[in-house]
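A short worksheet on the structure shown next.
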Amino acid sequence: VYQLQQEAPRPKRIICPREVENRPKYYGREFHGIISREQADEILAGVEGAYILRESQRQPGCYTLALRFGNQTLNYRLFYDGKHFVGEKRFESIHDLVTDGLITLYIETKASEYISKMTTNPIYEHIGYATLLREKVSRRLSRTKNESRKASVTSEENTPVEKITSLVRRAALTQNDNHFNYEKAHNFKVHTFRGPHWCEYCANFMWGLIAQGVRCSDCGLNVHKQCSKYVPNDCQPDLKRIKRVYCCDLTTLVKAHNTQRPMVVDSCIREIEARGLKSEGLYRVSGFTEHIEDVKMAFDRDGDKADISASIYPDINIIAGALKLYFRDLPIPVITYDTYSKFIEAAKISNPDERLEAIHEVLMLLPAAHYETLRYLMIHLKKVTLHEKENFMNAENLGIVFGPTLMRPPEDSTLATLNDMRYQKLIVQILIENEDVLF
């Protein structure tokens, strides 16, 4: 495939010999004005890779790229929104667009059968060549895990670990029997690779001039767009790619740090239970916003080493506020958008036993990391209610506070939020009161 890319025809711009009136400012001398398909065919005849731009006779104001390939003239509707495009790829120049198009056409013509078979025997599932390196990484990971409870592959300078691919790193983690092995889909985004690049799923060349494939923003896996459909949900986020703690997807964060729950939740709850369970109005009374922001910045900067002790933040409401802010900032709430409507429907059931059973069934639909985080939080909030005489916070009061924090409707509708508030409160109240049964 790499060789075919090198062999692909090169673009040849055919300049219009006359000055064309009303030529769009973002097109050059390759624009020939209003001409027919037949005229374009005559201009390009016999020159492989030749191209011109023309305005449509049938639809004035619409523009067409006429391109010579395979002894025929191909016509594509051309668009411009600051960049040039005929499909989903966008290009800075018409020349780049044509270059990429010719590469794609040539490879699809010469290797269509090969391309269709690329995903049938992926290297992703057969990486025996990495066994020795994987063992080295596994030993190091075991050591790192025991020391810091993190499973990111970080290495000292000049060790072989620095040179391993994201593919081998994931294999090492699989071999290492990672205790918190939550399933996580890859976060693929279209990516432009500089220089030759090979797919880490099928091991084939990623062709094209730009946007040759996709890269996982969380773990760095590089694959063809078509291969991305076959990659299993085994993303192991790399700490070097996770820039913050707040506003980060919950499952991404716990897998990056190899923790059972987000370290923010553990740290804040540990601090609150150590010195704040009897604090009046716990979770209802707000701490100073700027101090809560300081705690957020400390976690984003220092991770689980953030200092939130009484010597730094004597007001426990600051820590409680930071915990609530973490939940509010999640891109996907603890009670996910997918399960939101099911929880609301369960809350509307009048029979208490049936309602409890329905809530339990929906809990089983939560992603593992979300379920574990919710379970741990409910155990903590149950402890808060045991000190109701001092803190005046019962399960109903905590439901009012945490309902909108833990669950939000998928559509950003103020009316839906207002209509659902009493059910949000009821769900959290029931989860607290029945945490020993439901979890």
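The values are calculated or read from the model by the stated rules, or taken from the named source; none is laboratory data. Everything numeric in this text was worked out from a predicted model, so none of it was measured. No Cβ is skipped: glycine too gets one built from the backbone with ideal geometry, and neighbour counts run over all protein chains shown. Just so you know, the surface numbers come from the protein's heavy atoms only, side chains and all, with ligands and any DNA or RNA stripped out. Shrake-Rupley method; radii C 1.70, N 1.55, O 1.52, S 1.80 Å.
Ligands, DNA and RNA left out, the 1.4 Å accessible surface of the stretch 208-300 is 48% carbon and sulfur atoms. Using the Cβ-Cβ distance between R270 and K229 with R0 set to 45 Å, the FRET efficiency works out to roughly 0.60.
When you count the other C-beta atoms within 10 angstrom of each residue and take the mean per peptide, 418-429, 55-66 line up highest first as 418-429, 55-66.
Using R0 = 60 Å, the C-beta based FRET efficiency linking K117 and V437 works out to 0.70. Per-residue 3J(HN,Hα) values for the stretch 388-403, derived from phi via the Karplus relation 6.51 cos²θ - 1.76 cosθ + 1.60 with θ = phi - 60°, read 4, 4, 8, 9, 6, 10, 9, 4, 5, 4, 5, x, 5, 6, 8, x Hz in sequence order (x marks Gly and Pro). Pairs with C-alpha atoms separated by more than 32 Å, drawn from the list K324/K348; K278/K305; K83/K324, are K83/K324. For the stretch 339-376, the set of trypsin sites (Lys or Arg not before Pro) satisfying both a DSSP loop assignment and a count of at most 15 other C-beta atoms within 10 Å is given as K348.
Accessible area per residue for the stretch 47-96 is 51 Å², calculated with a 1.4 Å probe on protein heavy atoms, without ligands, DNA or RNA.
Largest accessible area first, the listed residues W198, W207 line up as W198, W207 when surface is computed with a 1.4 Å probe on the assembled protein chains. Solvent-accessible area assigned to carbon and sulfur over the stretch 1-117 amounts to 46 percent, based on a 1.4 Å probe. Computed FRET efficiency, Cβ-Cβ of V190 and R10, R0 30 Å: what is it to the nearest 0.05? Efficiency for this residue pair is about 0.75. Once Cα extents along the principal axes in Å is worked out from the coordinates, which option in (i) 91, 57, 45; (ii) 72, 52, 42; (iii) 68, 65, 53 does it equal? Among (i) 91, 57, 45; (ii) 72, 52, 42; (iii) 68, 65, 53, the one derived from this structure is (i). Ordering of 246-254, 229-237 by packing is 246-254, 229-237, highest average first (other Cβ atoms within 10 Å, averaged per residue). Output the pairs from K243/K383; K25/K110; K89/K110; K12/K225; K255/K296; K243/K425 with a Cα-Cα distance over 26 Å in this structure; if there are none, say none. Cα-Cα > 26 Å for K243/K383; K25/K110; K12/K225; K243/K425; rest within. With all protein chains in place and a 1.4 Å probe, the accessible surface of the stretch 340-439 carries 52 percent carbon and sulfur.
The residues of the stretch 242-438 have, on average, 45 Å² of accessible surface per residue, using a 1.4 Å probe with all protein chains present. DSSP bridge analysis restricted to the chain gives an antiparallel fraction near 80%, rounded to the nearest 5.
Calculated mean residue ellipticity at 222 nm for the chain: -14000 deg cm²/dmol, from DSSP H runs with n ≥ 4 weighted as -39500 (n - 2.57), summed, divided by the residue count and rounded to 500.
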